[in-house]
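Peer 1: My questions all concern the structure below.
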Amino acid sequence: MTVESDKERGIRNKNPLNIEYSKNNDWHGQVGHDGRFAIFSSPVYGFRAAARIIANYREKHGIDTLAGVIGRWAPKSENSTDAYINYVAEQAGLAPNSVIDASNIVSVLAAMVAFENGAEYASYYDTDTIAKGVQLA
């Protein structure tokens, strides 16, 4: 059995998408931060926050495609954004220019977890856990 401290930061923080902490965001279920990333009481709240951020990208910035969302989520200045986009597209069975919507957001978030934390976490969370977070958003 693996102890929690042996897991990736996003898994330990119950923040599977590695959402950065901001004093301006008081996310539901947020219980603190690790200096950079938010810590949630449950991964469901981490998925809720991720779904809210993606909804805000669409509502406030007009960004609704997989490539657009990941390009903003993981900018080239900090990440291999093209690799991230291609990985998530392949894992979710979508094209990079696919619109993220209710029919595919769970599979997109699941693929993002694997990219953010490592391929061994590709099925760490079941779809019900991810869907619960999305529903709360």
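Peer 1: Please work out which one of (1) modelled with pLDDT of 95 or more; (2) more than 15 Å from the chain's Cα centre (by Cα) is the condition Asp26 fails and give its number.
Peer 2: It fails just one condition, (1).
Peer 1: Here is a follow-up. Restricting the first residue to the range 104-132 and requiring it to be within 19 Å of Ala55 (Cβ to Cβ) and among the β-branched types (Val, Ile, Thr), which pairs with a second residue that is modelled with pLDDT under 95 and buried (at least 18 other Cβ atoms within 10 Å of the Cβ) meet a Cβ separation below 6 Å and a spacing of at least six or different chains?
Peer 2: Val113/Tyr121
Peer 1: Follow-up. Return the residue satisfying two criteria in turn: it lies in the range 50-73 and is touching a residue at least 60 places away in the same chain (Cβ under 8 Å) and of a type in the set (A, V, I, L, M), and of such residues it is farthest from Asn13 (Cα to Cα).
Peer 2: Here the residue is Ala55.
Peer 1: Something else about it: Quick one: which of Lys76, Lys23 is within 23 Å of Ala119 (Cβ to Cβ) and either polar (S, T, N, Q) or not in a helix (DSSP H, G or I) (or both)?
Peer 2: Lys76
Peer 1: I'm checking my understanding of the structure. Among residues of the range 95-134 that are in a helix (DSSP H, G or I), over 10 Å from the mean Cα position of the chain (by Cα) and of a type in the set (Gly, Ala, Ser), which one is surrounded by the most Cβ atoms within 10 Å (Cβ to Cβ)?
Peer 2: Checking each candidate, the answer is Gly133.
Peer 1: Then there's this: If I filter the range 49-64 for residues that are within 16 Å of Asn117 (Cα to Cα), modelled with pLDDT of 95 or more and not β-branched (Val, Ile, Thr), do I get at least one hit?
Peer 2: yes
Peer 1: Still on this structure, I have one more. Considering only the range 74-94, how many residues are farther than 21 Å from Thr129 by Cα, in contact (Cβ under 8 Å) with a residue 24 or more places away in the chain and within 14 Å of the chain's Cα centre (by Cα)?
Peer 2: 2
The values are calculated or read from the model by the stated rules, or taken from the named source; none is laboratory data. Quick caveat, the model's predicted, so the values are computed rather than measured. Neighbour counts are summed over all protein chains in view; Cβ atoms, including those assigned to glycine, are modelled from backbone coordinates with ideal geometry.
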